[in-house]
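Trainee: There's a structure below that I have some questions on.
The values are calculated or read from the model by the stated rules, or taken from the named source; none is laboratory data. None of the values given here were measured: they were computed from a predicted structure. Note that we place each Cβ from the backbone using ideal geometry, even for glycine, and neighbour counts take in every protein chain shown. Note: accessible area is taken over every heavy atom of the protein model, side chains too, but ligands, DNA and RNA are not part of it. Shrake-Rupley method; radii C 1.70, N 1.55, O 1.52, S 1.80 Å.
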Amino acid sequence: MVKFGYTIVYVDDVEKTLHFFNEAFNMKTRFLHDTGAYGELDTGETILAFASHELGHGHFPDGYIQAGSSEKPLGIEIALVTTDVQTTHNAAIVYGSTELKAPTVMPWGQTVSYVRAPSGILLELCSPMS
């Protein structure tokens, strides 16, 4: 059996990225390694984690595309579900995100917005699906 366990995003500063998620979304840090090179958020059964670019380059010596290295976001997003998309969207902006799409009610009834976190991560902020 295969089970989705976690997503790791390589970032410039793990501690600052955790702090952003702590402050903007009230998501608590579950773990931060003493070196500061790896940390996790308390997101339930499936973990959202961050690792330093230094650690990433150790895994991928030929390099990789960093989330914050291009003007356009990477073609992958992390979706955060909330009952109040507008308030969550506003908090993301206050804590340094760049707005990509304001909260919009989609044809299927879900409210969705997009921001790019200070680390370059593309975030979808959305209401629960009915």
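Trainee: For Leu74, list long-range residues whose amide hydrogen, built 1.01 Å from N in the peptide plane, is under 5 Å from its own amide hydrogen.
Mentor: Amide H neighbours of Leu74: Leu122.
Trainee: Given axes a ≥ b ≥ c from the Cα gyration tensor, I'd like to know whether segment 74-130 is rounded (a/c under 1.5), prolate (a/b larger than b/c) or oblate.
Mentor: It comes out prolate by the Cα gyration axes.
Trainee: What whole-number value in Å² describes the accessible area per residue of the chain for a 1.4 Å probe?
Mentor: Using a 1.4 Å probe on heavy atoms only, each residue of the chain averages 61 Å².
Trainee: Determine the dipole magnitude for segment 11-85: charges of +1 sit on the beta-carbon of Lys and Arg, -1 on that of Asp and Glu, nothing else is charged, the reference point is the Cα centre, and the result goes in debye to the nearest 20. If you can, show how the numbers build up before the last one.
Mentor: Numbers: 4 positive and 13 negative charges, 15 e Å.
Using only the charged Cβ atoms, the result is roughly 80 debye.
Trainee: While we're here: Can you order the peptides 100-110, 11-21, 49-59 by their average number of other Cβ atoms within 10 Å per residue, highest first?
Mentor: Per-residue Cβ counts within 10 Å, averaged per peptide and sorted highest first, yield 11-21, 49-59, 100-110.
Trainee: For Thr46 and Glu71, what does the FRET efficiency come to when R0 = 35 Å and r is the distance between their Cβ atoms, rounded to the nearest 0.05?
Mentor: It comes to 0.70.
Trainee: Report D for segment 19-130 in µm² per second (integer): Stokes-Einstein, Kirkwood Rh on Cα pairs, 37 °C, 0.692 mPa s.
Mentor: My calculation gives 217 µm²/s for D.
Trainee: Another question about this same structure. For segment 19-39 and segment 81-130, write down the distance between their C-alpha centroids in whole Å.
Mentor: 20
Trainee: Here is a follow-up. Okay, which of segment 94-114 sit inside 15 Å, backbone N to the point 7 Å along the Cα-Cβ direction of Asp84?
Mentor: Answer for segment 94-114: 94.
Trainee: Oh, and also: With a 1.4 Å probe and all protein chains kept in place, how do Lys72, Lys28 rank by accessible area, largest first?
Mentor: Lys72, Lys28
Trainee: If you take every DSSP beta bridge whose two residues both sit in the chain, what share of them, in percent to the nearest 5, is antiparallel?
Mentor: Within the chain, antiparallel bridges account for around 65 percent of the total.
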